[in-house]
Amino acid sequence: MKWLKFVFPLLLITAPAAAEPYTYSPEGCEFTITFPSEPLLGRKCNPDDPNQCHEVLSFTKVFDVTATLKIDVVCNPAEPTMYERYNGDVMKTTLIAMAGRGKLDEMETGYNEHPDAKMAFLLGSGKKGEQDLIYNGQLWIGKKSIFSLEADITGDYITGADEMFASILQSVNYKMPAAAPADAQPSEKEEKKEDVDTDAKPKE
């Protein structure tokens, strides 16, 4: 057992550092989401129009080979009229189309409004092949951007996967516009100058 005192320090030295959380908040996007570690950044193109592409952020985590968590996020500029055109019913219908009909056995949709942003969500369950599936879709629309998210867990129920799934979804947020800077206060010299000018008498 003497060799343990030599091996254990090596394990401490060579153990990989814990991954740092990664917050996705690109320029021009009014929304933000945080992952336990840095996801993969890719591009997805319209099969009917290869020139129409957008950035896709993908995060995948496998738990004990029996459960897989996968989340895809897209944030694109919004058309000027989109905020007014997309009400709760339109957004929920869009989410159902995103999830794909027949994919979910049960589903529930909801809608909320935030300052300068609208949000709809879909929660559902079903099957992916032979595996159980839990699905969440979100659609956020702001004045300048549109944010969509598709997240699912497939396989056996594992507490760690469930907790990570909830933590990431709860991190989605609307970024409030920065407050306008307060008016600059006059400097001491300017104040003194104003006093002098006020008390000065016009020359005769």
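In whole Å, what three semi-axes, largest first, describe the equivalent ellipsoid of the range 37-98 built from its Cα gyration tensor (square root of 5 times each eigenvalue)?
27, 18, 12
Report ³J(HN,Hα) in whole Hz for each residue of the range 53-69, in order, from the Karplus equation J = 6.51 cos²θ - 1.76 cosθ + 1.60 where θ = phi - 60°; Gly and Pro get x.
My calculation for the range 53-69 gives 10, 8, 6, 10, 9, 10, 10, 10, 9, 9, 10, 6, 6, 10, 9, 10, 9 Hz in order.
Take peptides 142-152, 62-72, 96-106 and line them up by average Cβ neighbours within 10 Å, highest first, as a rough protection proxy.
Put in order of decreasing packing, that is 142-152, 62-72, 96-106.
Using each residue's phi in the range 27-32, evaluate 6.51 cos²θ - 1.76 cosθ + 1.60 at θ = phi - 60° and report the 3J(HN,Hα) Karplus result to the nearest Hz, with x for Gly and Pro.
Karplus values, whole Hz, x for Gly and Pro: 4, x, 9, 8, 10, 9.
Amide H neighbours of residue 145 under 5 Å, counting only residues 5+ apart in sequence or on other chains, H built in-plane at 1.01 Å?
Amide H neighbours of residue 145: 30, 78.
Give the residues of the range 103-130 whose amide nitrogen is closer than 15 Å to a point set 7 Å from the Cα of residue 176 in the direction of its Cβ.
Only 114-117 fall inside the zone, counting backbone N under 15 Å.
Could you run the Karplus curve 6.51 cos²θ - 1.76 cosθ + 1.60 with θ = phi - 60° over the range 148-164 and give me ³J(HN,Hα) per residue in whole Hz, x for Gly and Pro?
For the range 148-164, the Karplus curve yields 10, 9, 10, 9, 8, 10, 10, x, 6, 6, 10, 4, x, 5, 5, 5, 5 Hz.
Under 13 Å from a point placed 7 Å out from the Cα of residue 23 along the Cα-to-Cβ direction: which residues of the range 31-49 have their backbone N that close?
31-35
Cα-Cα over 18 Å: which of 61/118; 103/127; 103/128; 70/143?
From 61/118; 103/127; 103/128; 70/143, over 18 Å: 61/118; 70/143.
Rg to Rh for the range 18-177: what is it, with Cα atoms only and Rh by Kirkwood?
Rg divided by Rh gives 0.96.
No lab work stands behind these numbers, since they all come straight from the coordinates. Values in this document were obtained by computation on a predicted structure and should not be read as measured data. Ideal geometry is used to build each Cβ from the backbone, glycine not excepted, and the neighbour counts take in all protein chains shown.
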